[in-house]
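Enquirer: Okay, handing you the structure first.
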Amino acid sequence: MARPRRSDDTRQLLVEHGAAGFLTNGYHGTGIKQILDAVGVPKGSFYNYFDSKESFGQAIIDHHSLCVQRNLAEALGSSPDPVAGLRAFFGRLMDDFVRAEFTGGCLIANLGGELEGSAVLRESLAVAWHSWRDGVAAALRRAQELGMIRDDIDATGLADLLLESWEGAVLRMKIERSLEPLHKCLRRLLDDYFRV
């Protein structure tokens, strides 16, 4: 018997609802049935879209990575300089955290702490992390060229420091239910340590 025709819109809805579920409940705490029910897809149809929960996880990580890249590009493109663009990007993330009442955090970091046992998903997370880091590094490199950011440290190293510090600050934000750790992270790095 032939499989029913796949709908790209349905697949995208599954990914979007899955991303929200993974952010709220984690990979292991999110059931495929609850995602299918939310989208209105029969249980047996899941395999028309994904080979396994692991391939579903890959699609969600890829989707999240593209969203991060798009949001970073939009923030940088609409700002007067790369540092202002980075501030706008992180500011948008903070707005999202407030709307979510300081829950959720960062999908990449959350899943990274949960999925170290899956080589496939760990690799997808690494690719997503490096894409985010490389986008931030490109902005910092441009800021170095403009004389806004110190150039005695490679832009990639600065991007690693910024994102690793940011992720630690996100964890503290979730604990304290406050944006102050995030503001402090940006002040200490973008306004101090990174400056010429």
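Since every read-out is calculated from the coordinates, none of them should be taken as a lab result. Bear in mind the structure is a predicted one, so any value in this text is a computation, not a measurement. In this analysis, Cβ positions are derived from the backbone assuming ideal geometry, glycine residues included, and neighbour counts consider all displayed protein chains.
Enquirer: Kindly provide the set of residues from segment 56-92 that are free of Cβ contacts under 8 Å to residues at least 40 places away in the same chain, farther than 20 Å from Arg141 by Cβ and among the aliphatic types (A, V, I, L, M), ordered by number.
Expert: Leu66
Enquirer: Separate question: For segment 6-24, indicate whether the set of residues that are part of a loop (DSSP other than H, G, I, E, B), out of contact with any strand residue (DSSP E or B) (no Cβ under 9 Å at 6 or more places or on another chain) and free of Cβ contacts under 8 Å to residues at least 40 places away in the same chain is non-empty.
Expert: yes
Enquirer: On the given criteria, is Gln144 of a type outside the set (Ser, Thr, Tyr), buried (at least 17 other Cβ atoms within 10 Å of the Cβ), without any contact (Cβ under 8 Å) to a residue 12 or more places away in the chain and in a helix (DSSP H, G or I)?
Expert: Here the answer is yes, as Gln144 does meet what is asked.
Enquirer: On to the next question. Kindly provide the set of residues from segment 173-187 that are in contact with a Lys or Arg (Cβ under 9 Å, 6 or more places away or on another chain) and either part of a loop (DSSP other than H, G, I, E, B) or free of Cβ contacts under 8 Å to residues at least 12 places away in the same chain (or both), ordered by number.
Expert: Ser178, Glu180
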